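In what follows, a structure is listed as structure tokens, so that the remarks can point back to it.
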Amino acid sequence: MAQLKMGFRWFGEKDDDISLSQIRQIPQTKQVVGALFDVPVGDVWPQDKIDALKKQVTDAGLKLEVIESVNIHDDIKIGLPTRDKYIQNYIQTIKNLSKAGIKVICYNFMPVFDWLRTDLHHQLADGSNVMMYEQDKLPQDPEALMAHMKSGSNGFSLPGWEPERLSALQDLFDAYQDVDEDKLIENLKYFLDAIIPVCEQYDVRMAMHPDDPPKPLFGLPRIFKNEEDMLRIEKLYESRYNGFTICTGSLGENQNNDLPAIIREFVPKDRVPFMHVRNIKFVNQQGDFHESAHPSSEGSLDMYEIMKALHDTNYDGYIRPDHGRNIWGEDGRPGYGLYDRALGITYLLGLWEALEKK
Ligand code: DNO
């Protein structure tokens, strides 16, 4: 049976209340998706810290081959003259990661902040908690938004929302004033032109993550919202090293996006080294949604068709369950509990096994 390279996101010994030994007991899950969370964005990731993380994971009987994320300094996204320095740092990080056997780097090109929700603790009828997005509840300004995300985080730092990265928020917004979609694409191309040859040489594949939610917010441009955007990004640099993370939840938040079709377009072209799989449930016509139970045909996306598309296209990249519910008394980092993501893995593996035997 073609094995899925199943992984589980882990925030490190210091920042995660889930242990590697717990992850090891999830069936058929060998990959830890990790990162260094204490290196400021833009700095080179030191070899010794990477090696220490690698050793920790391998000592626990697991593998570290995917990094999520090496974040991109805003000067690169804005296109400031200082970007060259940060790009050189990024290149050095790629080389260091390659030395530790890393094969895939997940990253995003979202201005200022990463993913976004309006409620991090929406309670479902069964008493579990999920994250939710309701357009009308979006805080009015970026500062309020930052405070809002922080207050709902159960005291954990949320990936992409690290306060030190988002200090001086208003200045950052001002710096993006002249950056529209075309400019942002141009700056992505500049970045890819510099790094992809290095990735090719060092055998590290870049996997760009979609914008979440996939629409412009606070006047900031968004360049990875749908299939059309992907066709544009893929052409910026023709190489299997310029790839995508297909995140079913993020892309699925736009009801016009057809996930199985997107998988069938890009997997055969060898542009998808990494998959994030989760379900969401739309609650109204306007497209407000919450994230739904992980092992789920309860959500609005058809998990069977998504896995079938991966199976039909002989997907052999890495895959991980994405945000799940907090259940059974868990009160940890929103979206990243142990139980529901583990249930999600068994559900996905079950679908896969059935597809294999058909
Ligand atoms: C949120 C995550 C994102 C994702 C980055 C990838 O939970 O899906 O923070 O890791 O956008 O760079």
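The values are calculated or read from the model by the stated rules, or taken from the named source; none is laboratory data. Everything numeric in this text was worked out from a predicted model, so none of it was measured. No Cβ is skipped: glycine too gets one built from the backbone with ideal geometry, and neighbour counts run over all protein chains shown.
Annotations for the structure displayed:
- Residue count for region 126-170 under the criterion of being more than 16 Å from the ligand (Cβ to nearest atom) and either among the β-branched types (Val, Ile, Thr) or within 13 Å of Asn326 (Cα to Cα) (or both): the result is 3.
- Pair list, Cβ under 8 Å, 6 or more apart: region 96-114 residue surrounded by fewer than 22 Cβ atoms within 10 Å (Cβ to Cβ) and hydroxyl-bearing (Ser, Thr, Tyr), other residue modelled with pLDDT of 95 or more and assigned to a loop (DSSP other than H, G, I, E, B): Ser98/Asp203; Ser98/Val204; Tyr107/Ser69; Tyr107/Val70; Tyr107/Asn71; Tyr107/Ile72
- Within region 124-204, helices (runs of 4 or more DSSP H) holding 2 or more residues that are at pLDDT 95 or above: 181-202
- Answer from Met208, Met230 - the residue that is modelled with pLDDT of 95 or more and not in a helix (DSSP H, G or I): Met208
- Flag for Tyr133 being in contact with a Lys or Arg (Cβ under 6 Å, 6 or more places away or on another chain), more than 26 Å from Lys5 (Cα to Cα) and aromatic (Phe, Trp, Tyr): yes
- Under the condition of being within 15 Å of the ligand (Cβ to nearest atom) and either within 17 Å of the chain's Cα centre (by Cα) or of a type in the set (Asp, Glu) (or both), the residues counted in region 326-353 number 8.
- Condition met for Met275 (out of contact with any Ser or Thr (no Cβ under 8 Å at 6 or more places or on another chain), in a strand (DSSP E or B) and within 16 Å of the ligand (Cβ to nearest atom)): no
- Conditions (1) without any contact (Cβ under 8 Å) to a residue 40 or more places away in the chain; (2) under 20 Å from Phe289 (Cα atoms): number failed by Val130: (1)
Yes or no, residue by residue, for (1) closer than 16 Å to Asp182 by Cα; (2) surrounded by fewer than 19 Cβ atoms within 10 Å (Cβ to Cβ); (3) without any contact (Cβ under 8 Å) to a residue 60 or more places away in the chain:
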| position | (1), (2), (3) |
| --- | --- |
| Tyr202 | no, yes, no |
| Arg205 | no, no, no |
| Pro214 | no, no, yes |
| Phe224 | yes, no, no |
